[in-house]
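Got a structure for you, written out below as structure tokens; questions coming shortly.
The values are calculated or read from the model by the stated rules, or taken from the named source; none is laboratory data. Bear in mind the structure is a predicted one, so any value in this text is a computation, not a measurement. As a convention, Cβ positions derive from the backbone with ideal geometry for all residues, glycine included, and neighbour counts pool all protein chains shown.
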Amino acid sequence: MVALSCQFWLTHTHTIKSIELSKSGILSPAQCSNLPRTISRKEVVINGVTKDIGRAAVIAVAKARGMEIAGAVDSHLVGEDIGKVCNMEKPLEVPIINDLTMVLGSISQDCGHPRATLQCKVHHSQFLKKGDILRLFFFFLPLFFQSKASGVVVDFTEPSTVYDNVKEATAFGLRSVVHVPWIKLDTVTAVSAFCDKASMGCLVAPTLSIGSVLLQQAAITASFHYKNVEVVESRASASDLPSADAIQIAENLSNLGQIYNREDLSTDVLARGQVVGEDGVRVHSLVLPGLPSSTSVYFSGPGEVYSLKHDMTDVQCLMPGLILAIRKVVRLKNQGYGLEKFL
């Protein structure tokens, strides 16, 4: 009688389906029942973590099924536990580090961490069949290569750092979800070309609000049926107006073969709002302290007015879209633009 102990180490935790081992004849059902049961989890790094949206993202990811915070990057509150910074009940034992490369490197090399180690001890009370060791090895081998594909870096930083951040994440085998307002078209184009060459997924999302995306899609549909359209937004502060959301809507409605508001297309009266795009879409911005962030799109035709409205009262409204993006981006082989790609 021979007893054999085999140990395998993988860079992420995984669910072991005992029935697969049993059906393949590698292990008996009794032996499979002794295997540790762990849950496959996507490791998420938040870059720009001390911003309001970054803190909300930490809490959302920590609560999401099958996800965990693996790294926190920012130049503020360096060394602080991100769980404490986010006022969570328990610390996450993840310190804020001001170096994305260091964080990604520690995740890649951390094979001794309890979250990143899978130890499988198989004890046989009978002689092993020929080839069992190799069969066990090749059973677990795909899990090793799948593990890196499940890692995601969420970027809330600045437009000037997006390209380098995506390159860093790709170098370590992680996908990226980028939500950085006012990102330039040249940067988006450069990221797209890089991701195509690397065959690595990345999502650049101008908004993470599912409601905002649905409003934009409805506005595009309505634009084919109306000749007059105006966008009215309200914000609590006057920074960066028109907002990224209003500009996105106006640009989406442009280049659809429709010229809007022909009656006063060339007017320079300031009260008529700012023309955004080349097809006459006008944007009006209302700024009053205490107002929620709101975007409305008004269409009019003979005898009717059709309006669409979306209000955002809290940063939490972006979290369902973020979790959706993290789950879906691992399937991409290039850059995607806009959360609507996953809706």
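Do we find that Asp155 is closer than 18 Å to Leu100 by Cβ, in the same structural domain as Ile46 (by TED's automatic domain parsing) and acidic (Asp, Glu) in this structure?
When the stated conditions are applied, Asp155 passes them.
Further question: Can you tell me which of Val162, Val213, Val188, Val154 is β-branched (Val, Ile, Thr), surrounded by fewer than 21 Cβ atoms within 10 Å (Cβ to Cβ) and not in a loop (DSSP other than H, G, I, E, B)?
Val188
Moving to a separate point now. For the range 60-87, how many residues meet the condition of being of a type outside the set (D, E, K, R), out of contact with any Asp or Glu (no Cβ under 6 Å at 6 or more places or on another chain) and surrounded by 17 or more Cβ atoms within 10 Å (Cβ to Cβ)?
Of the residues in the range 60-87, 13 are of a type outside the set (D, E, K, R), out of contact with any Asp or Glu (no Cβ under 6 Å at 6 or more places or on another chain) and surrounded by 17 or more Cβ atoms within 10 Å (Cβ to Cβ).
Are any of the residues in the range 33-45 buried (at least 16 other Cβ atoms within 10 Å of the Cβ), modelled with pLDDT of 95 or more and not small (Gly, Ala, Ser)?
Yes - at least one qualifying residue is present in the range 33-45.
Just one of Val305, Val275, Val283 is surrounded by fewer than 15 Cβ atoms within 10 Å (Cβ to Cβ) and of a type in the set (Val, Ile, Thr); which is it?
The match here is Val305.
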